[in-house]
Amino acid sequence: MTDPFAGLPAPDAATAIGYVGGRLERLSEQRGPGVVGEAAADPAARWYLITGGRAVFNGDTALHDRTAVEAAGFEVATSILLGWQGGAPRLAVAGPADEHDEPPDHHVDLRTLAVEGRVDGATLGDLALARSLTHWHQRHRFCANCGATTRIAAGGYRRECPACGAFHFPRTDPVVIMLIIDTVRDEVLLGRSPRFAPGVVSCLAGFMEPGETIEDAVRRETLEESGIRVGRVRYVASQPWPFPSSLMIGCLAEGLSRDIHIDDDELEDCRWFGRADVTAMLAGEHAFRLPPPMAIAHHLIHGWVDG
């Protein structure tokens, strides 16, 4: 019998990417009424604190006991239950946005955590979940159906409207990110957004639209941004991107044309690069730089260089 998984990486390619690998057991079947209060009363409960989109640290740890949560001015009553780790509840609570021109050193942006490798991959994945969910709750306090104030349910994985009975669930915005390959010339297409750090080039990317497949989104976004037509598309791996709550869907795609026509609203530069140039970028020996290893774009590009 043919193995349908032959040739696929094990473990998944995504396990080496930032914000992947959260260790929490979500246990949706245990999220009945009162579950947050019960979890918060457990002496083993620990919280992730999110303020202004940043994680609050206590020394080297992002986990806080209830005393520390209350001492920091966060409201335990507004907690959400992320899940359990080894039977111990893990919760998150959001505070007000930082009012400082320069946030305190113990308030750390999740991009910085990922790039610097300050926490292990599992903690980074848990923090990504905490940031995405707290952001969603802060911005979905009212029912989209009738306008009434909604309330937290299912431990924080749902909001319910007491007025009209509507259920609201956290959203994830899918984004395709693709490395376009010219298989004849052995080159890849890399672009530069005005938002990138100086000298950085990366894969093209864009949000999926309603009614699109992943493959269609890859072809449309590539054509819109660069004028390059795309043929075959192959899925590689995905990455949660908690800014605020996207899923980056990493693909390789076959370039069918060569002439680049840049969308000036999206890119300030876009060009084909050969294997020698990209290898030099990975080694830090080129005028252009690539995204850091925590980004799925880095792994798509590195994978192509490695064959």
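Key figures for this structure:
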{"read-out": "Relative compactness, the range 22-71, computed as alpha-carbon Rg over 2.2 N^0.38 Å", "value": "1.29"}
{"read-out": "Global geometry of the range 113-175, whether rounded, prolate or oblate, following the gyration tensor of its Cα atoms and the 1.5 cut on a/c", "value": "prolate"}
{"read-out": "Potential extension, residue 196-residue 102 segment - 0.36 nm per residue separation minus Cα distance", "value": "31.7 nm"}
{"read-out": "FRET E, pair residue 302, residue 65, Förster distance 45 Å, beta-carbon r, rounded to 0.05", "value": "0.65"}
{"read-out": "Student exercise, the chain dipole from Lys, Arg, Asp, Glu Cβ charges, in Debye to nearest 20", "value": "760 debye"}
{"read-out": "Proximal charge balance of residue 198 [Cβ under 13 Å; K/R count +1, D/E count -1]", "value": "+1"}
{"read-out": "Cα-only radius of gyration and Dmax that characterise the range 36-167, units Å", "value": "15.2, 46"}
{"read-out": "Gyration tensor verdict on the range 188-307 (Cα atoms; rounded if a/c is under 1.5, prolate if a/b is larger than b/c, oblate otherwise)", "value": "rounded"}
{"read-out": "Candidates per GluC sites (Glu not before Pro) in the range 57-142, loop by DSSP, up to 12 other Cβ within 10 Å", "value": "75, 99"}
{"read-out": "Partnerless Cys - the chain, beta-carbon criterion under 4.7 Å", "value": "203, 251, 270"}
{"read-out": "Distance (nanometres) between label positions extended 7 Å along Cα→Cβ at residue 257 and residue 158", "value": "4.7 nm"}
{"read-out": "Residue-averaged [θ]222 nm for the chain, counting only DSSP H segments that reach four residues, each worth -39500 (n - 2.57)", "value": "-6500 deg cm²/dmol"}
{"read-out": "All-pairs Cα distance distribution in the chain, expressed in whole percent, bin size 10 Å", "value": "6, 23, 29, 23, 15, 4, 0"}
{"read-out": "Label-point separation in nm, residue 75 to residue 275, each point 7 Å along Cα→Cβ", "value": "5.9 nm"}
{"read-out": "Pair residue 3, residue 207: separation of 7 Å Cα→Cβ label points (nm)", "value": "4.1 nm"}
{"read-out": "Backbone N within the range 277-307 under 13 Å of label point (7 Å from residue 232 Cα along the Cβ vector)", "value": "none"}
{"read-out": "Fraction of accessible area attributable to carbon and sulfur, the range 27-177 (%, probe 1.4 Å)", "value": "48 percent"}
{"read-out": "Accessible area of the chain divided out per residue, in Å², using a probe of 1.4 angstrom", "value": "51 Å²"}
{"read-out": "FRET efficiency estimate (nearest 0.05) - Cβ-Cβ, residue 173 to residue 28, R0 25 angstrom", "value": "0.70"}
{"read-out": "Fraction in percent of alpha-carbon pairs per bin - 5 Å, the range 127-255", "value": "2, 10, 16, 16, 14, 12, 9, 9, 7, 3, 1, 0, 0"}
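The values are calculated or read from the model by the stated rules, or taken from the named source; none is laboratory data. Please read these numbers as outputs of a predicted model, since none were measured by experiment. Neighbour counts run over all protein chains shown; Cβ positions are idealised from the backbone, glycine included. Please note that ligands, DNA and RNA were not included when accessible areas were found on the heavy atoms of the full protein model with its side chains. Shrake-Rupley method; radii C 1.70, N 1.55, O 1.52, S 1.80 Å.
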